[in-house]
Amino acid sequence: MKSMIDMMFQQNEQEMEFMPIVPLGEEELNDEEKGNLPTDIPIIALRNTVLFPNVVLPITVSREKSLKAIEFANQHGKWIGVLAQKEINNEDPTGDDIFLTGTLAKIVKQIKMPDGNTTLFIMGRMRFSIDILTQSDPFFKAEVKLLDDEFPKNDSEFEAIMSSVRDYSEKILTQSPNLPSEAGIVLRNIEQESFLLHFIASNINAKLLDKQNLLEENDVKKRGEKLLQLLQSELQLVELKNEITNKTRGELDKQQREYFLQQQLKSIKDELGGDPNEREVRDLQKRAEGMKWPDTARDLFQKNIQKLERMHPSTPDYSVIYNHLDLMLDLPWETYTPDNYDLKNAQAVLDNDHYGMEKIKERIIEYLAVLKLKGDMKSPILCFVGPPGIGKTSLGRSIANAINRKYVRLSLGGLHDESEIRGHRKTYIGAMPGRIVQSLRKVKSANPVFILDEIDKIGRDQRGDPSSALLEVLDPEQNSSFYDNYLEMEFDLSKVLFVATANSLADIQPALRDRLEIIQLSGYSIEEKTEIAKRHLIPKQKELHGLVKTPLKFNDKVLQQIIQDYTRESGVRELDRLLASIMRNTAKDVAMEHEVAPNITQEKVIDILGKSRFSNDVYQKGLPAGVAVGLAWTSVGGEILFIETNISKGKGGFTITGNLGNVMKESASTALSFLKAHASEYNIPYELFDESNIHIHVPEGAVPKDGPSAGITMLTALTSVFTKRKVKPYLAMTGEITLRGQVLPVGGIKEKILAAKRAGVKEIILCQQNEKDIEEINPAFIRGIKFNYVTEMSEVLELALMKR
């Protein structure tokens, strides 16, 4: 019964705390019963509802006054007076705060709830009005006058009113598809007019004052007229709801429609805890209270928050301004993590994370030392340049750990839109702040270690040049006022320690390169790779493959075998993959419960990885005349380069092949011109140049090659083929040549020397000025290699060519 009536008239639970129940068949009180009713009764005040006669109402009582009144009533016949209070939010109403007309009720049942409150079922029996309030404490008590209903006799108009009341109620039920059909049966089974009026008045969705007016009306006919007006408004509301639901135009005028919509919207907002717009604005203001930010940021925030308060949430600009304010609150304006100035600890962290790299570690420790002594310093813009896989990016994380700063990484590879750096204008659809500001928002610190990864691989097209946008970011004189288009104000990046990484300086814009403090990273020697494998790669791979508890050892000889026979790289990525292959094979044996040897042997390596991929025999064999070995530098490290020359009968033709760049072709032409000019010194008939076609080829034609460092190698190969004198075995060389026969220094020496060491070269010819580069290499890494330093080509040919 209760759930059915609860659904009737779509009663709003927030507006009505108590669910009335009408017991069908309850008779009206006769005169004798009325005479026995008490007139000096305890009073309780109800919020948000009115109790009508013959209606059973469950109420939850928690106020002390009401509990004492109920206790008194239970001891004196269970009669209690029920009045509605005028203000529902009043927790302690006085005599002036309650209506004077109410309903005498009988306590039907009393239940003690687990939360300590008391729930009562009370049944209204007869209306009354207060003559005098005899007591206010500890509970209300009053002398009351019982009120009789005035029924019209043989009044056809009253019958019409009651019929209309019944019809309107049934129409409301009919137009409310969510209500059960049993509700109509309840209406049709109520015969007494007062019953019907009280039943409908208890459940109709009307204001408290309207219901109180119904209760105070003695004339049943007038009470019916007032109820009929309320039912008409209720029916209109139900019809309007149906129109909204079905998206059809109703018959109500626009003003009334908007009124009902606004009332409904207000009810929904109240149900959800208030206006969402107001809640969002309050939330932003509350977050801003504890913010530490510059005055310019505070002023901009206040200006935009005032603008947001005046906006309707449905306007397009509302979300734009809200997102902008949210960004301002998320940014770490003056939030800095304390730096750790313990230089010994920083050195230990760097040494533990990376083996070698002494030059870089020394530069970082120098920076920390200055910061410790001065207390403030514009952060340098470091740029680590070197081949892939040597730990440039991971070194940035180690720097962050060493100085106790947050770490954030931004990959610039393939970035081609300037807005990715500076952000979009916030008026555009889908606008976002730039990646710099987004990263700081994520890391919640204004002085992190910020890695700009692959800065040499930034794209450039019609949408802009991101490298130009980075000029402001990476200039210590300008980045204290970095302007993001979305943020629309300046942000201080001067405390950020930017670290860029690149494989090649040639692809970095000159203006950008000028702002970077370049630190060259060389490839690893075999000894360094062996140590890195033991300290870092093997423990990492054992953990990744679930072999931490499995005894598994690699000796230096096995590791060197893997490095020399299966890799040709400056870094250790391929070595890491090979070790992972060995770990997978071992994990398979462990999982299948096969016997696993604790030591990895050379035979086991060959069994897992296959036969050697690289061999040094080709460099160690005696080469025919006209073939020399050069040393080259590439973005992935040093390489061994063969220069092959051949002469055939012809008319002085000169061919160069091997996918060579312009600089390398010019080196070949310079070498040939020098050899022609000094042909007599090397006993070469001059007419031989006119009677022969000369062909220079550099193998691996699919790989582009360029640079001046193959100059002396080309001249040696040309001299060898014309004089028929072979080049010494185990010999390699690198250096630029001039027309006068001078040898000039070249770069990438360490990578070239390490490549030569890997290839088994035992003797190297270099320019005298490159001697300083050799001194920077750990002597242990180049043990067994003889270096010859020269200044002129005559010395090169003397050292490189064998006697006939």
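Calculate, for the range 665-711, the solvent-accessible area per residue in square angstrom, rolling a 1.4 angstrom probe over the heavy atoms of the protein chains.
Working: 2390 Å² over 47 residues.
Using a 1.4 Å probe on heavy atoms only, each residue of the range 665-711 averages 51 Å².
Taking the Cα centre of the range 686-804 as reference, the dipole from Cβ charges on Lys and Arg (+1) and Asp and Glu (-1) amounts to some 640 debye. Restricting attention to the chain, close to 60% of DSSP beta bridges with both partner residues there are antiparallel.
Determine the dipole magnitude for the range 530-636: charges of +1 sit on the beta-carbon of Lys and Arg, -1 on that of Asp and Glu, nothing else is charged, the reference point is the Cα centre, and the result goes in debye to the nearest 20. Walk me through the numbers before you get to the answer.
Values: 16 positive and 13 negative charges, 38 e Å.
Charge dipole of the range 530-636: 180 debye, to the nearest 20.
If you take every residue apart from Ile132 with its C-beta less than 13 Å away from the C-beta of Ile132, what net charge results, scoring Lys and Arg +1 and Asp and Glu -1?
Numbers: positive: Lys141, Lys145; negative: Asp40, Asp131, Glu143.
Net charge around Ile132: -1.
Would you calculate, for the chain, the mean residue ellipticity at 222 nm contributed by helices, counting each DSSP H stretch of 4 or more residues as -39,500 (n - 2.57) and dividing by all residues, to the nearest 500? Helix contribution divided over all residues of the chain: -12500 deg cm²/dmol. Taking the longest Cα principal axis of the chain as reference, the axis of helix 749-759 is set at about 80 degrees. Computed with a 1.4 Å probe on the full set of protein chains, the accessible area for Met592 sits at about 110 Å². Charge dipole of the chain (Cα centre as origin; +1 on each Lys and Arg Cβ, -1 on each Asp and Glu Cβ, all else neutral): 4800 debye, rounded to the nearest 20. Expressed per residue, the C-alpha convex hull volume of the range 101-184 stands at 188 Å³.
Think of the chain as having a plus end and a minus end, set by charges on the Cβ of Lys, Arg, Asp and Glu; of Leu631, Gly290, Val721, Val721 sits farthest toward the positive end of this dipole. Heavy-atom accessible surface of Tyr686, to the nearest 10 Å², is about 120 Å², with a 1.4 Å probe and all protein chains retained.
Over the range 295-438, with the other protein chains present, what is the accessible area per residue in square angstrom, probe 1.4 angstrom?
Values: 7020 Å² over 144 residues.
Per residue, the range 295-438 has 49 Å² of solvent-accessible surface.
On C-alpha positions alone, give me the angle between the axis of helix 662-677 and the longest principal axis of the chain, in degrees, nearest 10. In the chain, helix 662-677 runs at an angle near 10 degrees to the longest axis. Cross-linked pairs Lys303/Lys495; Lys153/Lys222; Lys406/Lys442: Cα-Cα separations exceed 19 Å for Lys303/Lys495.
Among DSSP bridges having both ends in the range 637-701, what percentage is antiparallel? Round to the nearest 5. Write out the running numbers ahead of the final one.
Numbers: 6 of 10 bridges.
Antiparallel bridges: around 60 percent, rounded to the nearest 5.
Output the pairs from Lys557/Lys611; Lys651/Lys728; Lys540/Lys604; Lys705/Lys762 with a Cα-Cα distance over 22 Å in this structure; if there are none, say none. Pairs exceeding 22 Å: Lys651/Lys728; Lys705/Lys762. Of the residues Val558, Val548, the one with the largest accessible area comes first in the ranking Val548, Val558, computed with a 1.4 Å probe on protein heavy atoms. For the set His416, His354, His545, solvent exposure ranked by accessible area (probe 1.4 Å, protein chains only) runs largest to smallest as His416, His545, His354.
Given the choices (i) 36.2; (ii) 27.4; (iii) 28.6, Kirkwood radius over Cα pairs in Å derived from the coordinates of this structure is entry (i).
The order of Leu187, Leu67 by accessible area, most exposed first and with a 1.4 Å probe, is Leu67, Leu187. When you restrict to C-alpha pairs under 8 Å that are six or more residues apart and normalise by the size of the chain, the relative contact order lands at 7 percent.
Note on Glu771: accessible area approximately 60 square angstrom, rounded to 10, probe 1.4 Å, nucleic acids and ligands left out.
Can you send over the carbon and sulfur percentage of the accessible area for the chain, probe radius 1.4 Å, protein chains only?
48
Could you tell me how many degrees, from 0 to 90 and to the nearest 10, lie between the Cα long axis of helix 573-591 and the main elongation axis, the longest principal axis, of the Cα atoms of the chain? Around 60 degrees separate the two axes.
Pairs Lys359/Lys444; Lys106/Lys226; Lys750/Lys786: which are spaced more than 24 Å apart, C-alpha to C-alpha?
On the way: Lys359/Lys444 31 Å; Lys106/Lys226 27 Å; Lys750/Lys786 15 Å.
Where the Cα-Cα span goes over 24 Å, the pairs concerned are Lys359/Lys444; Lys106/Lys226.
When you work out D = kT/(6 pi eta Rh) for the range 567-693 at 25 °C and 0.890 mPa s, using the Kirkwood radius from C-alpha pairs as Rh and the Stokes-Einstein form, the result is 125 µm²/s.
Mind checking the per residue accessible area of the range 99-233 for me, 1.4 Å probe, whole number of Å²? Computed with neighbouring chains in place, this is 48 Å² per residue.
With all pairs of separate Cα atoms included, the range 360-459 yields a Kirkwood hydrodynamic radius of 15.3 Å. Computed from the alpha carbon atoms alone, the convex hull of the range 677-745 holds 122 Å³ per residue. List the lysines whose Cα lies under 19 Å from the Cα of Lys241, skipping any in the same chain that are fewer than 8 positions away. Cross-link targets: Lys171, Lys207, Lys254, Lys266, Lys269.
The values are calculated or read from the model by the stated rules, or taken from the named source; none is laboratory data. Here the structure is a predicted model, which is why all the values come from computation and not from measurement. Because the Cβ atoms are built from the backbone with ideal geometry, glycine has one as well, and the counts that use them run over all protein chains shown. Side chains are part of the model used for accessible areas, which takes the heavy atoms of the whole protein and leaves out ligands, DNA and RNA. Shrake-Rupley method; radii C 1.70, N 1.55, O 1.52, S 1.80 Å.
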